[in-house]
Amino acid sequence: MRIAEEKIDGIIKELKEGADFEELAKEKSDDESSRDSGGDLDIIYKGILDPAFDEAISKLKPGEISEKVTTRFGFHVIQLIEKHPPEQAPFDTMENSIQKFLFMEEAKKQVEVYIEGLRKQATIETFF
């Protein structure tokens, strides 16, 4: 975790020194889904991503770059390109995001059940 945090801190430093966000994302991002597009996540509707993302985005003005954002997925830096007035997201735009969200929620539950099963089977010995 420390290595990832040092990496994002270095990226933020480079951005503050004038590095191009898109080029750095292509070069250094660990996010396979957005790396090739230079970190572009397209239009993001509030409430779809991690709450820390929403909070960071709400503090930015177009063109600004966030400080380090910590989510359950790791560390991030966000550049806000533009803001649109709030609107109801069309279903066809949200369908994929909803499916991903539901899949991740179910996967999280399954992992918790699996870990709990392992805990029940484990024998823990303490030596002093």
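Bear in mind that the values in this text are calculations on the coordinates, not laboratory data. Since the model is a prediction, treat every value here as computed from it, not as a measurement. No Cβ is skipped: glycine too gets one built from the backbone with ideal geometry, and neighbour counts run over all protein chains shown.
Worth pointing out:
- Here the 3J(HN,Hα) profile of region 67-72, calculated from phi with Karplus coefficients 6.51, -1.76 and 1.60 at θ = phi - 60°, is 7, 4, 10, 9, 10, 5 Hz, Gly and Pro shown as x.
- Taking the Cα centre of the chain as origin and assigning +1 to Lys and Arg Cβ atoms and -1 to Asp and Glu Cβ atoms, the resulting dipole is close to 520 debye.
- When the charge dipole of the chain is built from unit charges on Cβ atoms (+1 for Lys and Arg, -1 for Asp and Glu) and taken about the Cα centre, the candidate among Ile57, Ala89, Ile124 whose Cα reaches farthest toward its positive end is Ile124.
- Set of region 42-57 residues, backbone N closer than 13 Å to the point 7 Å along the Cα-Cβ line of Ala107: none
- Cross-link pairs exceeding 21 Å in C-alpha to C-alpha distance, out of Lys7/Lys46; Lys26/Lys68; Lys16/Lys68; Lys16/Lys61, comprise Lys7/Lys46.
- In angstrom, the C-alpha Rg and Dmax of region 2-86 are 12.3, 38.
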